[in-house]
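Taken together, the values in this text are just the output of simple stated rules run on the coordinates, not laboratory data. Nothing here was measured: the structure is a model prediction, and the numbers come from that model. Methodologically, a virtual Cβ is constructed for each residue, glycine included, from the backbone with ideal geometry; neighbour enumeration extends over all protein chains shown.
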Amino acid sequence: MAEEPQKQRLSKLLRELQGDLSLRTFARKIHINYASVSAYIHGDSYPESKNLEKIATAKGWTLEELEAHLEDRPLEPVKPVEEVLRDVRVMSPEDATKVAEAALHRIAEAAGVYNSE
């Protein structure tokens, strides 16, 4: 069973993803039924893996990234930074631009000045 802080972080994340959409429209957009989304937002229940996956996808995260966020724990890098830098150096300019944008968004999110999507 999820702890209250996890439910609160999930509720906040869902409200961010919802934006100006009605709850019904938002629920359809992320492919989770309205009653479940409403219960998650109000902290009445916590999603199982299938719906956590859908929420992660809506955020542009992996399930592992979402779970780390909800548990307020750091996510271990998949590969050392040196390998990432080596990969970036040989990427096409278009792919390197995508990496740079993702890095800038990550920095802004950590500073609390950007919410993706």
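Assorted remarks:
- Charge dipole of the chain about the Cα centre (unit charges at C-beta), most positive-ward option of LEU66, SER36, THR97: SER36
- Among the listed pairs LYS54/LYS79; LYS7/LYS79; LYS29/LYS59; LYS59/LYS98, a Cα-Cα separation exceeding 19 Å is found for LYS54/LYS79; LYS7/LYS79.
- Label selected from (i) 31; (ii) 38; (iii) 17, the criterion being percent of Cα pairs over 25 Å apart as computed here: (i)
- Think of each Lys and Arg Cβ as +1 and each Asp and Glu Cβ as -1; about the Cα centre, that makes the dipole of the chain roughly 420 debye.
- Cα-projected label distance for GLU4 with ASP20, points at 7 Å along beta-carbon direction, nm: 3.5
- Helical contribution to [θ] at 222 nm, DSSP H n ≥ 4, -39,500 (n - 2.57), averaged over the chain, rounded to 500: -20500 deg cm²/dmol
- With a Förster radius of 22 Å applied to the beta-carbon distance between LYS12 and ALA100, the computed FRET efficiency rounds to 0.20.
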